[in-house]
Amino acid sequence: MADKRPIGVFDSGMGGLTVLRALMERLPSERFIYLGDTARLPYGTKSAETVEAYALQATRLLIEASVKMVVVACNTASSVALASLTRQLAPVPVIGVIEPGARAGIAATRNKRIAVIATESTVKGGAYLRAIHAIDASVEVVQQPAQVFVALAEEGWTESAVTIAASRAYLAPLFEGPSAPDTLVLGCTHFPVLVKAILEAVGDKVTIVDSAATTAASVADALAAKGLANEGKDKGAARFLATDSPERFARVGEIFLGRKIEKADVELVDLWPKP
């Protein structure tokens, strides 16, 4: 029986649209509600307690919209809040992006050395290190916070001279010498749109891992296992929610989604605690 309820997708801003893009490609019959907490980004510099509180507010809004599953398309929120969200949103299943990204990184590496770039909170929390070592403790992991990348991506500066310079400053030291990693995990959903600038810094011999496709596969598996998939021939659709500036969300969001977003299709919502 087809379950036509939507899937909720949440991120601190627009980076999670890269995950939505992969989900829509993998699951063309599904409906989605995407919520970007653009009024309070970036999450990557905030405390774990603040991120958890924001993430719970956002995902509860999705629950109120009767979603059948929540995808936390934000590495920072996945790293510090996934367990809490899973517990508090039950019985609605919750899927994050870190474990799928860790699996993809391990599958890609040939020399068992992986570099991870992410926000400050994700790196400090060690979420990727734990996820990778839970699968294969022999893999060497080096992590680098790359907070400036979030702002560059949100500005749409995907291949600018500034972005290339930042890529070299962050990444060149990680990939020097014979024992350098051969795989780079993009540990923030904003980073895939910067991949050309990143390749300028690391070279084409390094495998770039974007967790979006792997996350989409995990979501597809979970839908099938729980009997939640929309197995009909319906054409999928997406609804967009933002906590600030629908115009900017539409303009910059299309860089991440890979297709045009009309301003009229972005609904402004309020997540601030009510007095």
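The values are calculated or read from the model by the stated rules, or taken from the named source; none is laboratory data. Keep in mind that this is a model prediction, so the values were computed, not measured. Cβ placement follows ideal geometry from the backbone for every residue including glycine, while neighbour counts extend to all protein chains displayed.
A few notes on this one:
- All conditions in (1) under 16 Å from the mean Cα position of the chain (by Cα); (2) touching a residue at least 24 places away in the same chain (Cβ under 8 Å) hold for residue 140, with the sole exception of (1).
- Only one entry in 78, 179, 121, 84 is assigned to a helix (DSSP H, G or I), more than 23 Å from residue 196 (Cα to Cα) and in contact with a strand residue (DSSP E or B) (Cβ under 8 Å, 6 or more places away or on another chain), namely 78.
- Taken together, the residues in the stretch 238-257 that are among the acidic types (Asp, Glu), assigned to a helix (DSSP H, G or I) and farther than 11 Å from residue 17 by Cα amount to 1.
- Candidates in the stretch 27-63 are the residues that are hydroxyl-bearing (Ser, Thr, Tyr) and in a loop (DSSP other than H, G, I, E, B); of these, the one that is surrounded by the most Cβ atoms within 10 Å (Cβ to Cβ) is 43.
- Identity of the residue in the stretch 177-186, over 16 Å from residue 146 (Cα atoms) and in contact (Cβ under 8 Å) with a residue 12 or more places away in the chain, that ends up surrounded by the fewest Cβ atoms within 10 Å (Cβ to Cβ): 179
- Selection of the stretch 151-167 for residues being touching a Leu at 6+ places or on another chain (Cβ under 9 Å) and part of a helix (DSSP H, G or I) yields 152, 153, 154, 162, 163, 166, 167.
- Top-ranked residue of the stretch 223-263 - restricted to ones that are within 14 Å of residue 15 (Cβ to Cβ) and β-branched (Val, Ile, Thr), ranked as surrounded by the fewest Cβ atoms within 10 Å (Cβ to Cβ): 255
- Selection from the stretch 82-114 of residues that are in contact with a Leu (Cβ under 7 Å, 6 or more places away or on another chain) and crowded, with 23+ Cβ neighbours inside 10 Å: 85, 94, 96
- Every condition in (1) surrounded by 16 or more Cβ atoms within 10 Å (Cβ to Cβ); (2) within 19 Å of the chain's Cα centre (by Cα); (3) part of a helix (DSSP H, G or I) is met by residue 189 except one, and the failing one is (3).
- Candidates 162, 141: the one that is at pLDDT 95 or above and in contact with a His (Cβ under 8 Å, 6 or more places away or on another chain) is 141.
- Looking only at the stretch 200-217, and only at residues there that are surrounded by fewer than 19 Cβ atoms within 10 Å (Cβ to Cβ) and modelled with pLDDT of 95 or more, the one that is farthest from residue 165 (Cα to Cα): 207
- Pairing each residue of the stretch 237-248 that is among the aliphatic types (A, V, I, L, M) with any residue that is in a helix (DSSP H, G or I), provided the two are 6+ apart or on different chains, yields C-beta distances under 8 Å for 238/20; 238/24; 241/61; 242/249.
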